[in-house]
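Encoded as structure tokens, the structure appears first; notes follow it.
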Amino acid sequence: MAENGRSRTFLWIVIGGGAFFLFVLAVFTLVFLALHAGGENASFRASFGDKIGVVELEGVILDPGTVVQQVKKFGDDDSIKAIIIHVNSPGGGVAASEEIYREVKRVRDEKKKHIVASIETVGASGAYYVSSATNKIYADNGSVVGSIGVITEWVNYGDLLRWAKLKPEVLTVGEYKSTGDPTREMTPKERAYLQSLIDNMYGQFVKAVADGRHAKVDDIKAVADGRVWTGEQALSMHMIDQIADFEAAVDDTAKAVGITGKPVLVHPEKDRKTVLDLLFGDVTEWLPSREKLLDQHTGFYYLWK
């Protein structure tokens, strides 16, 4: 009796194992056929491999960390066939823009992954710096493009302090340590010193764009006077490669990497809503941010204002 029970148990184990094996085999067969079939199976095939990653480069660029990590993640993901940097930014910090540029260029050159920029309303200064590292730049006719240059600024409120009979006391070691002190005028030597820094950063900007665009430094320098142009003008100046909105850029990118039909667009996960957002809606416009405090913070920027 016990022997018959053990036999039946073993039989059920064999049957169950065989059924599971057949199920797994069927799934892998369907996936294989979908990946190698065309036409009517294009949408099914897309869910497994025909994906394009979309990274948003939006607003003033101050913290490069999020965008860099998103580009790196898509670059390392073999199921992502191409990456689109969706640009709507006036630029931002010099170092922050440079960090994103380096990662985009690394993915393009080392990972050999097709990566493009699609400029929406604005792709200026630091945002154009980043875009220049991609394989191809798309923009609308009316997009604002360019502004290759460097800016630093602050408010000198020395006269206000004197009016209020307030006298700042500053202790330093080093001739140039208090350069840019907003309570006094700069000396000619300090002004020359800051200008030398800006000139160096400008040279880095021009060279980076030339490297990214596979262009001559002199050709980029000829248009690097801080001005912006429309997408239509930028196309004739070879600052962008094609007039196209985001959807057209997606379709063209898909064709470039051999995707037939509509690709699946993959967006990074968005940040979770805070309790304040749930209770009162989006309150960010009422809160201080680094972008809103930018005018009060001395720094060097690839920024169109």
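Bear in mind that the values in this text are calculations on the coordinates, not laboratory data. Predicted, not measured: the structure shown is a model, and the values here were computed from it. Note that we place each Cβ from the backbone using ideal geometry, even for glycine, and neighbour counts take in every protein chain shown.
Summary table
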| quantity | calculated |
| --- | --- |
| Residues that are closer than 16 Å to residue 133 by Cβ and either within 12 Å of the chain's Cα centre (by Cα) or outside any strand (DSSP E or B) (or both), drawn from region 59-85 | 61, 64, 67, 68, 70, 71, 72, 74, 75, 83, 84, 85 |
| Selection status of residue 156, without any contact (Cβ under 8 Å) to a residue 60 or more places away in the chain and surrounded by 13 or more Cβ atoms within 10 Å (Cβ to Cβ) | yes |
| Pairs, first closer than 14 Å to residue 140 by Cβ in region 243-270, second of a type outside the set (A, V, I, L, M) and in a strand (DSSP E or B), C-beta under 6 Å, six or more apart | 244/138; 246/118; 249/118; 249/138 |
| Selection from region 175-192 of residues that are among the hydrophobic types (A, V, I, L, M, F, W, C) and within 22 Å of residue 160 (Cα to Cα) | 186 |
| Options 208, 192, 222, 164: the member that is under 33 Å from the mean Cα position of the chain (by Cα) and without any contact (Cβ under 8 Å) to a residue 40 or more places away in the chain | 222 |
| Residues being crowded, with 23+ Cβ neighbours inside 10 Å and touching a residue at least 40 places away in the same chain (Cβ under 8 Å) - total across region 90-116 | 9 |
